[in-house]
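A short write-up of the structure that comes next.
The values are calculated or read from the model by the stated rules, or taken from the named source; none is laboratory data. Here the structure is a predicted model, which means the values were calculated and not measured. Glycine gets a Cβ as well: all are built from the backbone with ideal geometry, and neighbour counts include every protein chain shown. Each accessible area value is taken on the protein alone, full model and side chains, heavy atoms only, with ligands, DNA and RNA left out. Shrake-Rupley method; radii C 1.70, N 1.55, O 1.52, S 1.80 Å.
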Amino acid sequence: MEKFFIRGGIPLHGTVYISGAKNAAVALVAATILCDEPCTLENVPAISDITKCLDILRSMGAVVRMERDGVIYIDPRSINTTEVPYKQAVTMRASSYFLGTLLGKFHEAFVPMPGGCDLGDRPIDQHLKAFRALGATDKVVRGANYVKADKLIGNQIFFDMVTVGATMNAIFASVRAKGQTIIENAAKEPHIVDVANYLNSMGADIRGAGTDVIKIRGVEYLHGTTYATIPDQIEAGTYMVAAAATKGDVVIANVIPKHLESITVKLRKCGVNVEENDESVRVWVDKPLQNTTVKTQPHPGFPTDMQPQFSTLLTMAYGTSRVTEEIFNNRFRYAAELRKMGADISIEGGKVAIIQGVDHLSGAPVQATDLRAGAALVIAGLAADGMTEIGNIHFIQRGYERIDEKLQKLGADIKRVIVPENDSVEMSG
Ligand code: EPZ
């Protein structure tokens, strides 16, 4: 088992280069199934969720070749089944994208119920609503969703709530359907736009991605393409918060500043300096952190995937802060871990965190409970006095490429240590 050991209290300095976006790349890999020719994806992050998506494609017969760092060649023409294997599918939410892409290409899909971070109830009723609107039927068999359609006909789809995954799957299932599909109340995240741009580069006809109305005209053929994933807005935001929490001075490079606007606004409200340049932002601190309120919202609001990291920053800000989680109903499990480090954070009704700022956190043995909670604990460890030991770092490696190396380059004292099962290396003071 691997753990991170972090000796905190070192202000981060230097430049960190952001990788391709996890939540775009997993969708682009799955979307390649829809193509009639080989494709090449660039700027793909080296993270375990991508590895699992590529393993799923290989297991279904696709040719997958790592050309070089971050560049992947995928030939979907040899896919010989519409059944996704359990092993990888049940470990991540992105496996649900194989429902939409296999249905959209082959009119059939058998995908084990998706897994992913435990953030509370994560149904796929809206995904199924989209598939049914296009003429598919669905049932649950052997712990998997089975969807099938004799033919797919374009239709109007109105989502009951804004959902990234269902918006993606509605695009996947309709891009080769007969006629026009109109998706209303669509998610507007940058990764939705990235997927639409990728499919349009193959010859699809998708308009309005990035707004709440997306219009798709089905096409019969999608040709090969080469496409580079957008930078990861959440990885970038995580390093911005780490720079602020350690009172450092960091340039976060390879970013699209517009994707970071809601994070930048909130950091500035806390008294953090953020300078925006063409493809980078600089974050530095020269005055005490101030409290603020945060409410997570679909894009362009404050992203739920930044809530744990930002709450961690607020544990060290003067005054009382309130963080409201509007997207998921159980995304504060990390609070108990932060309390072990001296944070004063209480959760009301599972949706609101009340945070009283403290002068400093102190290092402790803690456990990551999911991907972004793990990132939050890394930030806490970087800011805390003394040594922090973080277990379950496999969660973190799902979404952050080489996070220990990138932080070491910024001056952090962080080590990835393999420890025997149920053993905890003595925490030196
Ligand atoms: C995607 O999850 C991301 N995952 C999540 O990132 C992210 O937190 C989330 O979008 C919101 O931005 C990937 O892209 C792989 P949703 P997804 O459908 O698609 C409810 C991370 O840390 N809902 O937008 O599952 C749902 O329960 C991960 O990178 C339904 O009720 O999120 C949630 O409360 C964590 N029925 C809300 O909508 C449905 O059919 C938003 O979910 C679908 C969703």
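So if R0 is 25 Å, what FRET efficiency would Asp413 and Asn329 give, r being the distance between their Cβ atoms, rounded to the nearest 0.05?
On the way: r = 36 Å, r/R0 = 1.46.
After rounding, the FRET efficiency stands at 0.10.
Which of rounded, prolate or oblate describes segment 346-422 when judged by the alpha-carbon gyration tensor and an a/c cut-off of 1.5?
Prolate, since a/c reaches 1.5 and a/b exceeds b/c.
Which part of segment 158-202 falls in the paramagnetic zone of Lys258, meaning amide N under 16 Å from the point 7 Å along Cα-to-beta-carbon?
It comes to 188-198, nothing else.
Choose one of Gly135, Pro112, Val84: the residue whose Cα lies farthest towards the positive end of the charge dipole of the chain (beta-carbon charges +1 Lys, Arg; -1 Asp, Glu; about the Cα centre).
Ranked along the dipole, the leading option is Gly135.
How much length is gained on full extension from Glu348 to Arg402, taking 0.36 nm per residue of separation minus their Cα-Cα distance?
On the way: separation 54, 0.36 × 54 = 19.44 nm, distance 3.49 nm.
Here the segment from Glu348 to Arg402 would lengthen by 16.0 nm.
Amide H to amide H under 5 Å from Gly115: which residues, 5+ apart in sequence or cross-chain, H placed 1.01 Å off N in plane?
Correct list: Thr91, Met92, Arg93, Ser95.
Which angle between 0 and 90 degrees, to the nearest 10, do you get for helix 164-174 versus the longest principal axis of the chain when only C-alpha atoms count?
Its long axis makes an angle of about 20 degrees.
Amide H to amide H, which residues 5 or more places from Asp385 or on other chains are under 5 Å from it, using H placed in the peptide plane?
HN-HN under 5 Å from Asp385: Leu361, Ser362, Gly363.
Around Asn291, which amide H atoms from residues at least 5 apart in sequence, or from another chain, sit under 5 Å from its own amide H, with H modelled in the peptide plane?
Answer set, sorted by chain and number: Tyr318.
Along the charge dipole of the chain, which of Ala383, Ile74, Leu410 sits closest to the positive end, that is, farthest toward it, with unit charges on the beta carbon of Lys, Arg, Asp and Glu (+1, +1, -1, -1)?
The residue sitting farthest along the positive end of the dipole is Ile74.
What residue among Glu405, Glu348, Glu326 shows peak mean-square fluctuation when the chain is described by a Gaussian network model with Cα springs under 10 Å?
Glu348
Restrict the search to segment 177-245; then list the GluC sites (Glu not before Pro) that DSSP places in a loop and that have at most 14 other Cβ atoms within 10 Å of their Cβ.
Numbers: sites: Glu184, Glu220, Glu235; in loops: Glu220.
The qualifying sites are Glu220.
Go ahead and estimate [θ] at 222 nm for the chain from helices alone: -39,500 (n - 2.57) per DSSP H run with n ≥ 4, summed, over the residue count, rounded to 500. Each step should come with its number before you reach the end.
Numbers: 14 runs with 126 residues, N = 429.
The helix-only estimate for the chain comes to -8500 deg cm²/dmol at 222 nm.
If the elastic network links every pair of Cα atoms under 10 Å, which of Asp150, Asp404, Asp55 fluctuates the most in the Gaussian network model of the chain?
The residue that fluctuates most here is Asp150.
Rounding to the nearest 20 debye, state how big the charge dipole of segment 22-228 is about its Cα centre with +1 on each Lys and Arg Cβ and -1 on each Asp and Glu Cβ. Don't jump to the answer; show the numbers that get you there.
On the way: 22 positive and 22 negative charges, 71 e Å.
Roughly 340 debye, rounded to the nearest 20.
Going toward the positive end of the dipole of segment 22-228, with +1 on Lys and Arg Cβ and -1 on Asp and Glu Cβ, which of Ile153, Leu99, Gly218 do you reach last?
The residue sitting most towards the positive pole is Ile153.
If you count the DSSP beta bridges with both ends in segment 22-228, what percent of them are antiparallel, to the nearest 5?
Antiparallel: roughly 75 percent of the beta bridges in segment 22-228.
On the principal axes of its Cα set, how long, how wide and how thick is segment 22-228? Give whole Å, largest value first.
41, 36, 32 Å, listed from the longest principal axis down.
Could you give the accessible area per residue of the chain, probe 1.4 Å, as a whole number in Å²? Walk me through the numbers before you get to the answer.
Values: 16120 Å² over 429 residues.
On a per-residue basis, the chain sits at 38 Å².
In segment 146-277, carbon and sulfur make up what percent of the accessible area (probe 1.4 Å)?
Values: 2340 of 4710 Å².
Carbon and sulfur together cover 50 percent of it.
Once the chain is represented by equal point scatterers at the alpha-carbon sites, with solvent omitted, what log10 I(q)/I(0) does the Debye formula produce at q = 0.07, 0.10 Å⁻¹?
-0.33, -0.68
Can you tell me which of 93-106, 382-395 comes out highest on packing, and rank the rest after it, using the mean Cβ neighbours within 10 Å?
Numbers: 93-106: 25.8, 382-395: 21.9.
Those peptides, ordered most packed to least, come out 93-106, 382-395.
What length, rounded to one decimal in nm, is gained on full extension from Asn80 through to Thr320, with 0.36 nm per residue of separation minus their alpha-carbon distance?
On the way: separation 240, 0.36 × 240 = 86.40 nm, distance 5.70 nm.
80.7 nm is the gain from fully extending Asn80 to Thr320.
What chymotrypsin sites (Phe, Trp or Tyr not before Pro) does segment 152-261 have in DSSP loop regions with at most 15 other beta carbons within 10 Å? Mind dumping the intermediate values first?
Numbers: sites: Phe158, Phe159, Phe172, Tyr198, Tyr221, Tyr227, Tyr239; in loops: Phe159, Tyr221.
The qualifying sites are Tyr221.
When the accessible area of segment 1-87 is split by element with a 1.4 Å probe, what percent falls to carbon and sulfur? Let's see the in-between values first.
On the way: 1650 of 3280 Å².
So the carbon and sulfur contribution to the accessible surface is 50 percent.
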